[in-house]
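The values are calculated or read from the model by the stated rules, or taken from the named source; none is laboratory data. A quick note: this is a predicted structure, and the numbers were derived from the prediction, not measured. When we count neighbours, we look across all protein chains shown, and the Cβ atoms used for this are built from the backbone with ideal geometry, even at glycine.
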Amino acid sequence: MKKSLLLLLAVLVSGLIGAAGVKIPSPDNKLVVLVDTKEGTPFYSVTYNGKEFLKQSPLGLNSNMGKFSQQLSMGSNIERKTVNETYLLEKIKRSNITYSANEAVVTFNQDEKPVLDLIFRVSNHDVAFRYKVYPKGETAVCVVNEELTGFVFAQGTTTFLCPQMQPMSGFARTAPSYETSYTTDDEMGKNGLGFGYTFPALFRVNNNGWVLISETGVDGSYCASHLNGHADGLYSIAYPMPEENNGNGTALPGISLPGYTPWRTITVGETLAPIVETTIPFDVVKPKYEALHNCKYTKGSWSWIMKMDENTVFDVQKEYIDFSAKMGWETILVDALWDTQIGHDKIEELSKYGKSKGVDLFLWYNSNGYWNDAPQGPRGVMDNLNNRRKEMAWMQRIGVKGIKVDFFGGDKQVTMQLYEDILHDANDFGLLVIFHGCTLPRGWERMYPNYVASEAVLASEMLHFSQDICNNEAYNATIHPFIRNAVGAMDFGGSALNEYWNATNEAGRGNKRVTSDVFALATAVLFQSSVQHFALAPNNLKDAPVWAIDFMKNVPTTWDETVFIDGYPGKYVVLARRKGDKWFVAGVNAENSIKKMKVSLPMVKSGTQLQVYSDNNSLQGSMKSIKLSKSNTVDIQIPKNGGFVILVE
């Protein structure tokens, strides 16, 4: 595939000046996509405000019924229309969305017959495109052997990327699971650890601005993809590696014809605001079914993150039900090994006790299966249709709220089918679904009404296991709002108030948290997921500041609006989120120096009473009330590993 891409790229870069092609502008005419062919090879490019963000980049598919990347001619009849849609979606960064775009369908012919459509949608900051493959004679199915889609950046572009993991590596051979560290401001021309990069991928295009690349609309009819890096600024679509899932399942997607690929998405901004605020993963997909039961999103507690496997026992889980009740939270997450350490009968008793306290259960399940060595139970339930539906019927009967399914370790089409099957069956039984050890969600918040969130990030569990990750907690936190969390709900499971990552907050045992209490509050706002199981522990009712506990009791998990204020990936970030009439403005700092800034709040009336949570230079936090100045600004100082939150009542 690499040879094919480089050959296509060589064809494209020669003699392209003056190409006419098809131009697809955004509604405000600032973002423009150009589509054309050169010597039978299709390509596209992207400009914004007249500046080049993507150079001429290859297009095309090769399948087992023909190569649709060469010897193509572009049809003269370009279908165009305007897309104007509004929709409500409570569980993403904005609840009320208006999507306006210009759509163009470009047909490519081979031997004077249509073989491929490229469907482009261009909104004011986003490009989404996908392929439609035509039947060929009586051939009604095909295997897509490779997708030639590429993204070519100008020299000098820097990258913010997460390397794809080696298949069948990591814990119990469960990789890839999107759980490696990002590199920031890196140079192009690399290919991660040798296996490419996961979506999403962020690029700083010299002085022009920023580009975020991802994909959406992936379901059981296709595989998920990632990016391979090449020389000359080229990043190309790559399908799963054959070794994933222990070699089970095909690495290449099969489709019925006419058939569609997932959407490739490109978000462009001269600043980072369009990157952080984009809703393109959800704009171009549709719900696949309606929720059969009310989906109420909640927050709750979770014993495993501090107490680990050995404490998934009845008495400890009962203690956490009491803790959630005292916090005013509505759930607990009962993690791995409950099947053997508690048992189904005692889970029924636990659920009944929880309901008496207004607290419901989420139950953990292993996805396995036959594709990795993860030993934790329950196993052999979620991968089997009969077992799964029988178990879900039991959960519905005893009033379980949702499930967390773990250890998938692959992006093949067969694995996408498993995700979809779990979600579909869970909807029948009124269960919300969280995925861990898993792939990136790709528009799933809108596609599946009972889908909640995915991990797909180096999450809070690694803070328990690694002091180095603790030392870099602020660095990682300043990355996620710009990349991972920009395209989908992120089940991080953080906001710890223990000073030490152990069951009793005992000094000298386990890893030490180096971030502040205010930092923990800020990440509860910065990290977006409609269901949150925070890393607080019952001892925090006695050993954490009262103002911190009170904040965590009341912080929302769903938002009506998100506004980027300031920041840079790997350095610092400041966001504002609104719930109803309340604004929560939060920021954290990973730089070695104190970050001083005036935070502008034009959405708030001057003289309004504010609650300001902030750190001193020793990371000692406090809360005070102030009135917003006539200039609508608040002076903020954030030390390294610290944070702030401004709450506007």
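Here are the numbers:
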read-out: Residue that is surrounded by the most Cβ atoms within 10 Å (Cβ to Cβ) [pool: residues in the stretch 137-151 that are acidic (Asp, Glu) and either within 30 Å of Gln56 (Cα to Cα) or touching a residue at least 60 places away in the same chain (Cβ under 8 Å) (or both)]; value: Glu147
read-out: Selection status of Asn206, surrounded by fewer than 16 Cβ atoms within 10 Å (Cβ to Cβ) and either touching a residue at least 40 places away in the same chain (Cβ under 8 Å) or more than 29 Å from Ala459 (Cβ to Cβ) (or both); value: yes
read-out: Close pairs (8 angstrom Cβ cut-off, 6 or more residues apart or separate chains): outside any helix (DSSP H, G or I) in the stretch 539-550, among the charged types (D, E, K, R) and modelled with pLDDT of 95 or more anywhere; value: Ala544/Asp517; Pro545/Asp517
read-out: Pair list, Cβ < 9 Å and 6+ apart or interchain, from the stretch 342-368 residues that are assigned by TED's automatic domain parsing to the domain that holds Tyr320 to residues that are assigned to a strand (DSSP E or B) and of a type in the set (S, T, N, Q); value: Gly354/Thr331; Val359/Ser301; Val359/Thr331; Asp360/Thr331; Leu361/Thr331; Phe362/Thr331
read-out: Answer residue from the stretch 547-561, given it is buried (at least 18 other Cβ atoms within 10 Å of the Cβ) and of a type outside the set (A, V, I, L, M) and is farthest from Gln528 (Cα to Cα) among those; value: Phe551
read-out: Residue satisfying condition, being at pLDDT below 95 and out of contact with any Pro (no Cβ under 7 Å at 6 or more places or on another chain), within set Glu112, Glu90; value: Glu112
read-out: Test: residue in the stretch 379-397 that is surrounded by fewer than 24 Cβ atoms within 10 Å (Cβ to Cβ), assigned to a helix (DSSP H, G or I) and among the β-branched types (Val, Ile, Thr); value: no
read-out: Count of the stretch 49-69 residues which are touching a Leu at 6+ places or on another chain (Cβ under 6 Å), more than 19 Å from Thr159 (Cα to Cα) and in a strand (DSSP E or B); value: 2
read-out: Looking only at the stretch 375-411, and only at residues there that are among the acidic types (Asp, Glu) and under 25 Å from Ala251 (Cβ atoms), the one that is farthest from the chain's Cα centre (by Cα); value: Asp383
read-out: Options Thr180, Thr86: the member that is part of a loop (DSSP other than H, G, I, E, B) and either touching a Cys at 6+ places or on another chain (Cβ under 9 Å) or not basic (Lys, Arg) (or both); value: Thr180
read-out: Scan of the stretch 152-171 for residues that are of a type in the set (S, T, N, Q), under 24 Å from Trp371 (Cβ atoms) and either buried (at least 21 other Cβ atoms within 10 Å of the Cβ) or free of Cβ contacts under 8 Å to residues at least 24 places away in the same chain (or both), ordered by number; value: Gln164, Ser169
read-out: Qualifying residue in the stretch 471-485 (condition: β-branched (Val, Ile, Thr), crowded, with 23+ Cβ neighbours inside 10 Å and within 18 Å of His293 (Cβ to Cβ)); value: no
read-out: Odd one out for Asn77 among (1) assigned to a strand (DSSP E or B); (2) over 22 Å from the mean Cα position of the chain (by Cα); (3) of a type outside the set (Gly, Ala, Ser); value: (1)
read-out: The stretch 311-328, subset out of contact with any helix residue (DSSP H, G or I) (no Cβ under 8 Å at 6 or more places or on another chain) and over 15 Å from Ser351 (Cβ atoms), residue surrounded by the fewest Cβ atoms within 10 Å (Cβ to Cβ); value: Asp315
read-out: Counted residues, the stretch 613-636 - those being crowded, with 17+ Cβ neighbours inside 10 Å, under 33 Å from the mean Cα position of the chain (by Cα) and not hydroxyl-bearing (Ser, Thr, Tyr); value: 7
read-out: Residue that is among the charged types (D, E, K, R) and within 30 Å of Tyr500 (Cα to Cα), where the choices are Glu561, Glu591, Glu649; value: Glu591
read-out: Top-ranked residue of the stretch 486-510 - restricted to ones that are among the aromatic types (Phe, Trp, Tyr) and in a loop (DSSP other than H, G, I, E, B), ranked as surrounded by the most Cβ atoms within 10 Å (Cβ to Cβ); value: Phe492
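To keep it simple, each residue is scored yes or no on (1) under 19 Å from Glu215 (Cα atoms); (2) more than 28 Å from the chain's Cα centre (by Cα).
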| site | (1), (2) |
| --- | --- |
| Glu52 | no, no |
| Met65 | no, yes |
| Arg94 | no, no |
| Leu118 | yes, no |
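Quick grid of which residues meet (1) within 15 Å of the chain's Cα centre (by Cα); (2) modelled with pLDDT under 95; (3) assigned to a helix (DSSP H, G or I):
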{"residue": "Leu440", "(1), (2), (3)": "yes, no, no"}
{"residue": "Pro449", "(1), (2), (3)": "no, no, no"}
{"residue": "Val452", "(1), (2), (3)": "yes, no, no"}
{"residue": "Ala459", "(1), (2), (3)": "yes, no, no"}
{"residue": "His464", "(1), (2), (3)": "no, no, yes"}
{"residue": "Asn476", "(1), (2), (3)": "yes, no, yes"}
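Yes/no per residue for (1) in contact (Cβ under 8 Å) with a residue 24 or more places away in the chain; (2) over 30 Å from Gln528 (Cβ atoms):
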site: Lys38; (1), (2): yes, yes
site: Thr47; (1), (2): no, yes
site: Glu52; (1), (2): yes, yes
site: Pro58; (1), (2): yes, yes
site: Asn64; (1), (2): yes, yes
site: Ser69; (1), (2): yes, yes
site: Asn77; (1), (2): yes, yes
site: Asn96; (1), (2): yes, no
site: Ser100; (1), (2): yes, no
